[in-house]
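Okay, structure first, notes after.
The values are calculated or read from the model by the stated rules, or taken from the named source; none is laboratory data. What you see is a predicted model; the values in this text were computed from it and never measured. Note that we place each Cβ from the backbone using ideal geometry, even for glycine, and neighbour counts take in every protein chain shown. Heads up: the accessible areas ignore ligands, DNA and RNA and are worked out on the full protein's heavy atoms, side chains in. Shrake-Rupley method; radii C 1.70, N 1.55, O 1.52, S 1.80 Å.
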Amino acid sequence: MSGKSSNVLLKNSDPEVFDIIRKENERQENTLILIASENYVSQPVLEASGCTMTNKYAEGYPGKRYYNGCQWVDAVETVAIDRIKQLFKADVANVQPHSGTQANMAVLLSTLSPGDCFMGMNLSHGGHLSHGSPVNISGIYYKVVSYGVTKDTNRIDFDEAWKNAKEHKPKLIICGASAYPRTIDFAKFREIADSVGAVLLADIAHIAGLVATGDHPSPVPVSDYVTFTTHKTLRGPRGAVILSKLDHEKAVNKFIFPGIQGGPLMHTVAAKAVAFKEALSPGFSAYSKRVIANAQTLAETLQSRGLALVSGGTDNHLMLVDLRNKNLTGRDVANRLDAAGITCNKNGVPFDDKSPMVTSGIRLGSPALTTRGLGADDFTRIGNLIGDIIDNMNDDAVLARVQGAVAEICAAYPTAFLRLPERV
Ligand SMILES: *Cc1c(COP(=O)(O)O)cnc(C)c1O
């Protein structure tokens, strides 16, 4: 089924939605996407995401389904599982979680009873909602203690983690973050978990691609469970994976289905398989290294412009700009950058006194633009454009100049190679 005929069909049958999708394609082509959790999937991944497996019910697992006609979805799920196990050197994998939050929920359900205590990273210091935020089911069903970063280094406060573990005896410890620019020492978390007999879950949603290529240490050898999203640095379709040891396989599978999900999204599982093959290729390893190099170039440029970075820099694909020394809010800066065609997100910084809707920071990441082909010179230029906007928040002439530069960069790196649907 080529994209061509189906897109013509969509255009004719539903011009309204077709046109909205076309505009989204243009947005992805004509802006500089610095959202650290986003990426561009390849055309093969996109094709698999739009395939006929969306029609298939496949409750259960390969060889053990509740429906007939599953021979080909069994085949594709088996390929996905084999590839991801190879990529992360893991014993077992569940490739059905619809999202990272679902993956974490299944691990929580399989290891804790409601009311039990677990420990995760404070959301306002870089953790994730599903690590115990009071507004997420993880914080509603369980007693949560947290650890954060230290005030002086903005790096994980292991003293606090040790102290809280000793005091509260959590049954589970979650390590991993959504807005932490530094290498995570998984072995240290293993020590803490062992000292209180806790299970260790490493949530590597953000850094999965970097871990896959060995550009960030892997938590797989030291963790009981590893969860990650497939759509961030791993550059696959939206969704997630749970890796675990052999003896946890049954429980994990049971809590994904029938525990919290129904039928898997088999078109997405097919797209995951395609993305995992890409991630196993030498080209992906080179990509990971460029992601980190580009992030570091951007970080250094921003610092040369007098901007403060949380923890003073980055080891991975993202950085947090602390705008407090500029007396600006994350909200205002993110909106002004957006007007210039540079898309990022406002983000709280550790010990922020502003609300999550305002914040004192922005989070920037290199994965999407690195996929697009940008290199060191481009990231230096973008860092300076960001500096220009921040130094001239109310100057419309500067805004217009930056808009022009953004258009130039976007034109130099067309997304045509992605063959987004409207171009097929
Ligand atoms: C993005 C992220 C998730 C969840 O991803 P969704 O697919 O949006 O549910 C979970 N954990 C961490 C650390 C993340 O960064």
Counting only residues that are polar (S, T, N, Q) and either more than 16 Å from the ligand (Cβ to nearest atom) or touching a Cys at 6+ places or on another chain (Cβ under 9 Å) (or both), region 79-131 contains a total of 4
From Val222, Val211, which residue is under 15 Å from the mean Cα position of the chain (by Cα) and not hydroxyl-bearing (Ser, Thr, Tyr)? Val211
Checklist (1) within 14 Å of the ligand (Cβ to nearest atom); (2) over 18 Å from Thr111 (Cα atoms); (3) not β-branched (Val, Ile, Thr) applied to Ala295, failing item: (1)
Can you pull out every residue in region 29-54 that is modelled with pLDDT of 95 or more, out of contact with any helix residue (DSSP H, G or I) (no Cβ under 6 Å at 6 or more places or on another chain) and either of a type in the set (Asp, Glu) or outside any loop (DSSP other than H, G, I, E, B) (or both)? Thr52
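Yes or no, residue by residue, for (1) within 25 Å of Met105 (Cβ to Cβ); (2) open to solvent by 10 Å² or more (accessible area, probe 1.4 Å):
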| position | (1), (2) |
| --- | --- |
| Gly176 | yes, no |
| Arg182 | no, yes |
| Ile192 | yes, no |
| Gly197 | yes, yes |
| Leu200 | yes, no |
| Asp203 | yes, yes |
| Gly209 | yes, no |
| Ala212 | yes, yes |
| Pro217 | no, yes |
Inside region 346-363, can you point out the residues that are over 21 Å from Val398 (Cα atoms) and not charged (D, E, K, R)? Asn347, Gly348, Val349, Pro350, Phe351, Ser355, Pro356, Met357, Val358, Thr359, Ser360, Gly361
Criterion violated by Ile184 - all others in (1) within 15 Å of the ligand (Cβ to nearest atom); (2) out of contact with any Pro (no Cβ under 9 Å at 6 or more places or on another chain) satisfied: (2)
In this structure, is Glu77 open to solvent by less than 70 Å² (accessible area, probe 1.4 Å) and farther than 29 Å from Gly214 by Cβ? no
State the number of residues belonging to region 325-384 that are in a loop (DSSP other than H, G, I, E, B) and surrounded by fewer than 20 Cβ atoms within 10 Å (Cβ to Cβ). 12
Determine whether region 260-276 contains at least one residue that is more than 30 Å from Leu34 (Cβ to Cβ), out of contact with any Lys or Arg (no Cβ under 8 Å at 6 or more places or on another chain), within 16 Å of the ligand (Cβ to nearest atom) and open to solvent by 20 Å² or more (accessible area, probe 1.4 Å). yes
Might you check whether a residue that is modelled with pLDDT of 95 or more, under 17 Å from the mean Cα position of the chain (by Cα), in a loop (DSSP other than H, G, I, E, B) and not aliphatic (A, V, I, L, M) occurs anywhere in region 275-298? no
For region 39-63, enumerate the residues that are among the acidic types (Asp, Glu) and surrounded by 18 or more Cβ atoms within 10 Å (Cβ to Cβ). Glu47
In this structure, is Ile174 in contact with a Leu (Cβ under 7 Å, 6 or more places away or on another chain), closer than 22 Å to Asp247 by Cα and either at pLDDT 95 or above or not assigned by TED's automatic domain parsing to the domain that holds Asn94 (or both)? yes
State whether the residues of region 74-91 include one that is in contact (Cβ under 8 Å) with a residue 12 or more places away in the chain, out of contact with any strand residue (DSSP E or B) (no Cβ under 9 Å at 6 or more places or on another chain) and under 30 Å from Asp378 (Cα atoms). no
